[in-house]
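Each remark here refers to the structure printed beneath this line.
Read the figures in this text as sums done on the coordinates, not as results from a lab. The model shown is predicted, which means the values in this text are computed figures rather than measured ones. Note that each Cβ is placed from the backbone with ideal geometry, even for glycine, and that neighbours are counted across all protein chains shown.
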Amino acid sequence: MVVNFKVYKKCSPNGKVTLYMGKRDFIDSITTVEPVDGLVVLNDDYVRNNRKIYAQLICHFRYGREEDETMGLNFQKELTLASQQIYPQEKSDVVMTKMQERLLKKLGPNAFPFLLTMPPNSPASITLQQKAGDESQPCGIQYFVKVFAGDSELDRNHRRSSVALGVRKVQYAPTKQGVQPCTIVRKDFLLSPGELELEVTLDKQLYHHGDKIAVNICIRNNSNKIVKKIKAMVQQGVDVVLFQSGQFRHTISSMETTEGCPIQPGSSVQKVVYLQPNLIPNQNRFGIAVEGDPKRRETFLASTTLLSAPECRDAFGIIVSYAVKVKLFLGALGGELCAELPFVLMHPKPTRGKMLPQESAEINDEKIVDYE
């Protein structure tokens, strides 16, 4: 039986250090994260001279634009989450994955495995879209596996013998649906009797990317005001926890309707509207949170950030949330009535052997090698 598998390969500028990885997406299951594993192949000169080789997992967090970095300000942080000396190996009893074992047979004695542990409370890979034509480094959170030769794990001066490959930390949707979202809001008026009641219900709490959201709207007008228009929208919330004012909201899908309007005093209306959050109509909008690198040909809106506990919030660089908002317009004197329901938007967990579209495409100068 022949088994095909794909491997990501990237070489250092001097060609003496080569990094191999079987995948670039690592799953965060809230309490644990998949270990980051791969192999490094060294040139014979490095092996004979016992050059020290290190592998590190780097988290790069940019929270401000490069063009605003003046007077010594620096709007980025780089954290080393894990570090390991690959060669000479400090441990002889290294537990390898099946992919590492297969590659080790193919690549020979100069191949050395590594295993890096990602902290469970580290943030997910999220990038904020830039303006069209902006080539500067985007704001967001990116991860890199960096392999380099040096005298210590802090010695990164030898750039020609260094190689870095981008990886992603992703969360997938839970297998069970939560409680069906529902809310009722009422509004009374100072000089008018009665009240206006708006009830909004979603068909479920958890949606996958590409799903349509069915919004059930029930309006009971027990006031003497007239409802002239109904607007429903999906909003993406982005919270950069580093700033108190770093909270943004973007409407990524909306619809307005006057069907059944005006809603006269004493009458009621019930209807269902459908919304579909999608990146395609929002691709050129500044500040929209997307998964990973927006320069890839295929990407998605950023998934909802799941937290194991509210106190873990500060450990996440960027938190993404979604909500459906329904607004009733009553005219200039009547004002508005709004109802809001949060929901979860995520990818379903892929079946075994199935990869996301991003994993099957060639990216930048990294090569994909097929092995049998």
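Points worth noting:
- Projecting the Cα positions of 343, 267, 302 onto the charge dipole of the range 182-346 (unit charges on Cβ atoms of Lys, Arg, Asp and Glu, taken about the Cα centre) puts 267 furthest along the positive direction.
- Two-site FRET efficiency, residue 96 against residue 209, from Cβ-Cβ distance with R₀ of 41 Å, rounded to 0.05: 0.75
- Computed on the chain, with alpha-carbon pairs under 8 angstrom and 6+ residues apart, the relative contact order is 20 percent.
- Spatial separation of Cα centroids for the range 176-243 and the range 101-124, in angstrom: 48 Å
- With Cα atoms, 0 to 90° folded angle of helix 98-107 axis to the chain main axis: 40 degrees
- Based on alpha carbons, the Rg and Dmax found for the chain are 25.7, 90 Å.
- R0 of 25 Å, Cβ-Cβ distance residue 77-residue 286: FRET efficiency to nearest 0.05: 0.65
- In whole angstrom, the range 182-346 maps to an equivalent ellipsoid with semi-axes of 33, 18, 14, each derived as √(5λ) from the alpha carbon gyration tensor and ordered largest first.
- For residue 186, neighbours were defined as the other residues whose beta-carbon sits under 13 Å from its Cβ, and their charges (Lys and Arg +1, Asp and Glu -1) total -1.
- Residue-count net charge about residue 264 - beta-carbon cut-off 13 Å; Lys, Arg +1, Asp, Glu -1: +3
- With the simple model of a label 7 Å out from the Cα in the direction of the Cβ, residue 347 to residue 47 spans 3.6 nm.
- Beyond 28 Å in Cα-Cα separation lie the following of the pairs 146/176; 16/131; 10/176; 77/327; 6/77; 10/98: 146/176; 16/131; 10/176; 77/327; 6/77.
- Residues 28, 203, sorted so that the one with the fewest Cβ neighbours within 10 Å comes first: 203, 28
- Net charge contributed by nearby residues that have their C-beta within less than 14 Å of residue 217 (K/R +1, D/E -1): 0
- Ordering of 9-18, 267-276, 141-150 by burial proxy (mean other Cβ atoms within 10 Å per residue, highest first): 141-150, 9-18, 267-276
- Residue 31-residue 186 FRET efficiency (beta carbon distance; Förster radius 56 Å; 0.05 resolution): 0.90
- Choice from 194, 210, 38 showing the highest fluctuation, given a GNM over the chain with Cα pairs closer than 10 Å: 194
- Other-chain or far-sequence residues with amide H under 5 Å of residue 86's (modelled H): 53, 54, 55
- By other beta-carbon atoms within 10 Å, ranking 63, 207 with the fewest at the front produces 63, 207.
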